[in-house]
1. Using the heavy atoms of the protein chains and a 1.4 angstrom probe, tell me the accessible area per residue for the chain in square angstrom.
2. Given a 1.4 Å probe and every protein chain left where it sits, what share in percent of the accessible area of the chain is carbon and sulfur?
3. Just flag the trypsin sites (Lys or Arg not before Pro) in the chain sitting in loop per DSSP whose Cβ has no more than 10 other Cβ atoms within 10 Å.
4. Could you calculate the FRET efficiency of ASP87 with SER24 from 1/(1 + (r/R0)^6), where r is the beta carbon distance between them and R0 is 22 Å, rounded to 0.05?
5. What number, in percent, do you get for the relative contact order of the chain if the mean sequence gap of Cα pairs under 8 Å and at least 6 apart is divided by its residue count?
6. So what's the convex hull volume per residue for the Cα atoms of the chain, in Å³?
7. Please sort by residue number the chymotrypsin sites (Phe, Trp or Tyr not before Pro) in the range 64-103 whose DSSP state is loop and whose Cβ has at most 16 other Cβ atoms within 10 Å.
Amino acid sequence: TSEIYKSTASVYYANISIAPNDSSRIIISDFYNLGSGNEVIGIVEGNRIELVANQEYTHLSSTYIFKNGTGRIATDYQSIQWEYTVDDQSGILDHVTATYTRD
């Protein structure tokens, strides 16, 4: 659910992998549905993922800044509940809640 886009039915695929050389970090591709070339980094501590603050990504000549965010991993490892904030440089921050489910 996005405060800007108001979508509650957006479905897309993201890929999560362990970062090379640092098993406490993960790489999430296609975060915020910006395409597979979009990768953000998260730090895993127990069942919590903390996005590295202020990560930037440019997509179709727009720059997005992932200000902050957290994910909570379900105890069965089948889903992640996300809350994060994105700045698309429009002057309005997008506060997003999302659920990633394992495919």
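1. 63 Å²
2. 48 percent
3. Working: sites: LYS6, ARG25, ARG48, LYS67, ARG72, ARG102; in loops: LYS6, ARG102.
Of the trypsin sites (Lys or Arg not before Pro), the ones in loops of the chain whose Cβ has at most 10 other Cβ atoms within 10 Å are LYS6, ARG102.
4. The calculated FRET efficiency here is 0.25.
5. 18 percent
6. Values: hull volume 10.2 nm³, N = 103.
Normalising the Cα hull of the chain by residue number yields 99 Å³.
7. Details: sites: TYR64, PHE66, TYR77, TRP82, TYR84, TYR100; in loops: TYR77.
Sites meeting the loop and neighbour criteria: TYR77.
The values are calculated or read from the model by the stated rules, or taken from the named source; none is laboratory data. Everything numeric in this text was worked out from a predicted model, so none of it was measured. Cβ coordinates were reconstructed from backbone atoms using ideal geometry, including for glycine residues, and neighbour counts include every protein chain displayed. These area figures cover heavy atoms from the full protein model, side chains too; ligands, DNA and RNA do not enter into them. Shrake-Rupley method; radii C 1.70, N 1.55, O 1.52, S 1.80 Å.
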